[in-house]
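Q: This structure is in structure tokens; I'll ask about it shortly.
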Amino acid sequence: MKETNYDYTRTKTGADYLNDGPPRAEFIPDGETAFVPVNGKSGLLVGAALVGVGLFSILAPGAAGISLATLLTGGLGVYGVAQIIAFARLPWDRRSGWTLANGIAMTLLSFFTLWMALTTPFGMVSMIASLASVAAFFGLLAGVGQLFQYTTLRRTKSPGAGWVLASGIVNMLVGLVVMAAPVAGWFALSTLWGAFLAGSGVAVLAESCSGHRGLRAVE
């Protein structure tokens, strides 16, 4: 690979005038395109982590579902505390009572749900059922919204309308199934997410370990 500079005697094109910076070195490979690595060790670490989490969710869906439910419930409590802090930091004329009420409600609900899950025999089941029902409800709303979006895309003859319709139907079906059996649906979704994460991790590992290693050409 040898390095040459731009020839100032050649006729300039419109692309040259669009480049406001100084002339840059141009690398001319010996019969091949120059590449730089995009995914290296970071790709291996991310891929291995995705595969590990995915296999854990597939092989131990119960533990994965409980861990995910606990994490989400704790996250709601942290979000509620953050809203309370944000309310306290705002000036008096910009404070909203709804923000404070929402923060207090989410914090109390999160800590009460976690306390019930850790101290009562069926508290964990109740927590999972509640989270699954809420997730299913939002899934139904998303599916209905995608159906309305499909009608708009179909009327305007925009591309991708069929994919939006399929996604909306899937979201509604999954939401109905989870609402009918919240606990079983929650663990089933944990297994499906595990398979998705494991597949994504294998793809990242294959890209990082291949001969190209996610290479891109130097412009």
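Q: Shape call for segment 65-149 from the C-alpha gyration tensor, a ≥ b ≥ c root eigenvalues: rounded (a/c under 1.5), prolate (a/b greater than b/c) or oblate?
A: oblate
Q: Separate question: Calculate the length of the line joining the C-alpha centroid of segment 50-113 to that of segment 168-200, in whole Å.
A: Here the two parts' Cα centres lie 21 Å apart.
Q: Which order do you get for R154, R89, R95 if you rank them by accessible area with a 1.4 Å probe, largest at the top? Can you show the working numbers first?
A: Values: R154 150, R89 195, R95 70 Å².
Result of the area sort, largest leading: R89, R154, R95.
Q: Just grab the label-to-label distance for M116 and V202, each label 7 Å out from Cα along the Cβ direction, in nm (one decimal).
A: Placing both labels 7 Å beyond Cα along the Cβ direction yields 4.0 nm.
Q: Which distance in nm do the two modelled labels at A142 and V177 give, with both placed 7 Å along the Cα-to-Cβ direction?
A: 1.5
Q: Still on this model: For segment 98-185, what relative contact order do you get, as a whole percent, if you take Cα pairs closer than 8 Å and at least 6 residues apart?
A: Values: 76 pairs, mean separation 27.2, N = 88.
31 percent.
Q: Run the 1.4 Å probe and let me know the accessible area of S42, rounded to the nearest 10 Å².
A: 70
Q: In the full protein assembly as shown, how much of W115 is accessible to a 1.4 Å probe, in Å² to the nearest 10?
A: 140
The values are calculated or read from the model by the stated rules, or taken from the named source; none is laboratory data. The model shown is predicted, which means the values in this text are computed figures rather than measured ones. We place every Cβ from the backbone using ideal geometry, glycine too, and count neighbours over all the protein chains shown. Accessible surface is based on the protein model in full, side chains and every heavy atom, while ligands, DNA and RNA are left aside. Shrake-Rupley method; radii C 1.70, N 1.55, O 1.52, S 1.80 Å.
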